[in-house]
Amino acid sequence: MIGAHPDDCDIKGGGTAALFAEMGHQVKFISVTNGDAGHMEQGGGILAKRRTAEAKEAGRRLGIEYEVLDHHDGELLATLPIRLEIIRKIRDWNADVVISHRPNDYHPDHRYTAILVQDAAYMVGVPNIAPDTKSLEKNPVFLYFQDNFQKPYPFRADIAVDVTAVFDKKIYAMDAHESQFYEWLPWIGRYQEEVPKGKEERLVWLKSKRFGQVTDAAKASLDKWYGSQKSSQAKQVELFEICEYGTQPSDEGIRRLFPMLKK
Ligand SMILES: [Zn+2]
């Protein structure tokens with residue numbers, strides 16, 4: 001999973017990552033920026049170091065790898081050098097599935113991360129591009145994280161993963177990003193006074209926030225993948241849309257790649 005900031009993958013795919021990890025699969029999160037701008041008091045190298053340490057801890061809690069690339073937060077552009085870097089990262093991991101943002105999003109870093117990953121989607125298989133890393137013989141399946149943006153078209157819930165069983169683990173991983181969930185996001189969202197002081201109270205509070213509720217679109221997708229009886233038990237869900245670039249999987253192919261989807 002490739003997010004713009006250290007916390008994006010956790011929010012959108014932390015539960016799915018935990019399920020994969022528990023089943024013995026290898027998962028890696030990459031943050032394309034180092035998070036060195038999104039804070040009201042700290043900034044620069046000190047903040048980047050703090051964000052990287054938080055990401056590493058979140059990865060440890062999920063049982064996955066977490067890498068933070070050293071690009072400035074809030075200033076990301078879809079440049080050729082970063083495209084080549086993303087191509088190398090996907091090849092080095094020999095990824096079966098790559099998940100990132102959609103290119104319509106409020107945050108420029110999310111948009112350009114989306115473009116960088118889309119621009120890599122075909123090129124990972126082209127040997128003469130970044131020839132110092134071996135090109136992939138099999139093009140990965142590329143997916144988008146869920147979002148609520150409506151223009152030019154709304155997100156489509158092609159895949160729904162029931163993350164109810166690992167929701168506590170997901171929240172615990174998010175809890176590692178203290179500078180985000182307890183400092184920056186409450187400050188910029190103007191709900192700073194809500195944040196409890198104690199460690200346990202914070203976890204309970206974070207769990208009570210907005211993440212993973214089952215909407216009508218999510219329910220329809222859950223029904224498809226789990227059957228309506230099983231899907232009615234789902235309390236938290238993560239959704240993904242299939243990108244038009246990269247391998248186009250059949251339903252059977254999706255079930256092979258996401259073995260947690262079972263009727
Ligand atoms: Zn972000």
Would you pull out the residues with amide H under 5 Å of Gln236's amide H, same chain only if 5 or more places away, H placed 1.01 Å from N? Val163, Thr164
Counting alpha carbon pairs within less than 8 Å and at least 6 residues apart, what relative contact order, in whole percent, applies to the range 108-263? 35 percent
For the range 184-200, just list the computed ³J(HN,Hα) in residue order, Karplus coefficients 6.51, -1.76 and 1.60, θ = phi - 60°, integers in Hz, with x standing in for Gly and Pro. 5, 4, x, 5, 6, x, 6, 9, 4, 5, 6, 6, x, 7, x, 4, 5
Taking only the alpha carbons of the range 49-191, what extent do you get along each of the three principal axes, in Å, biggest first? 49, 35, 34
Would you mind telling me the antiparallel percentage of the DSSP bridges in the chain, rounded to 5? 40 percent
Once phi for every residue in the range 121-128 is put through the Karplus expression 6.51 cos²θ - 1.76 cosθ + 1.60 (θ = phi - 60°), the whole-Hz ³J(HN,Hα) values, with Gly and Pro written as x, are 4, 8, 5, 4, x, 9, x, 7
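Quick one: pull the percent of accessible area on the range 2-257 belonging to carbon and sulfur, 1.4 Å probe, ligands and nucleic acids left out. Don't skip to the end; give the middle numbers.
On the way: 6450 of 12400 Å².
Ligands and nucleic acids excluded, carbon and sulfur give 52 percent.
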Calculate the dipole size of the chain relative to its Cα centre from +1 charges on Lys and Arg beta carbons and -1 charges on Asp and Glu beta carbons; express the result in debye to the nearest 20. 660 debye
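Skip the ligands, DNA and RNA, and give the accessible area per residue of the chain with a 1.4 Å probe, whole Å². Let's see the in-between values first.
On the way: 12770 Å² over 263 residues.
Each residue of the chain exposes 49 Å² on average to a 1.4 Å probe.
Give, in nm to one decimal, the length gained when the segment between Ala53 and Glu252 is fully stretched (0.36 nm per residue of separation minus the Cα-Cα distance).
On the way: separation 199, 0.36 × 199 = 71.64 nm, distance 3.84 nm.
Residue separation times 0.36 nm, minus the Cα-Cα distance, leaves 67.8 nm.
For a Förster distance of 35 Å, can you work out the FRET efficiency between the beta-carbons of Tyr191 and Asn94, rounded to the nearest 0.05?
On the way: r = 42 Å, r/R0 = 1.19.
Between Tyr191 and Asn94 the formula returns 0.25.
Report the gain in length on full extension from Thr133 to Glu244: 0.36 nm times residue separation, minus Cα-Cα distance, nm rounded to one decimal.
Extra length from Thr133 to Glu244 when fully extended: 37.5 nm.
Taking only Cα atoms of the range 116-193, what ratio of Rg to Rh do you get with Rh as the Kirkwood inverse-distance radius?
Details: Rg = 18.7 Å, Rh = 16.8 Å.
That ratio is 1.11, to two decimals.
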Show the residues, 5+ positions off or on another chain, whose built amide H is closer than 5 Å to the amide H of Cys243. Phe142, Leu143, Tyr144
Taking the chain and counting helices only, DSSP H stretches of n ≥ 4 at -39,500 (n - 2.57) each over all residues, the nearest-500 ellipticity at 222 nm comes to -12500 deg cm²/dmol
If the chain between Gln233 and Leu69 were fully extended at 0.36 nm per residue, the gain over the current Cα-Cα distance would be 55.2 nm
Taking only the Cα atoms of the chain, how large is their convex hull per residue, in Å³? 127 Å³
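Using Cα pairs closer than 8 Å and at least 6 residues apart in sequence, work out the relative contact order for the range 2-257, in percent.
Details: 441 pairs, mean separation 58.2, N = 256.
That works out to 23 percent.
Which FRET efficiency, nearest 0.05, do Glu200 and Ala220 yield, Cβ-Cβ r, R0 51 Å? Walk me through the intermediate numbers first.
Working: r = 36 Å, r/R0 = 0.71.
My answer for the efficiency is 0.90.
The values are calculated or read from the model by the stated rules, or taken from the named source; none is laboratory data. Remember, it's a predicted structure, so these values are computed and weren't measured experimentally. Reconstructed Cβ throughout: ideal geometry from the backbone, glycine too, with neighbour counts over all protein chains shown. We work out accessible area using only protein heavy atoms, side chains counted, and drop any ligands, DNA or RNA first. Shrake-Rupley method; radii C 1.70, N 1.55, O 1.52, S 1.80 Å.
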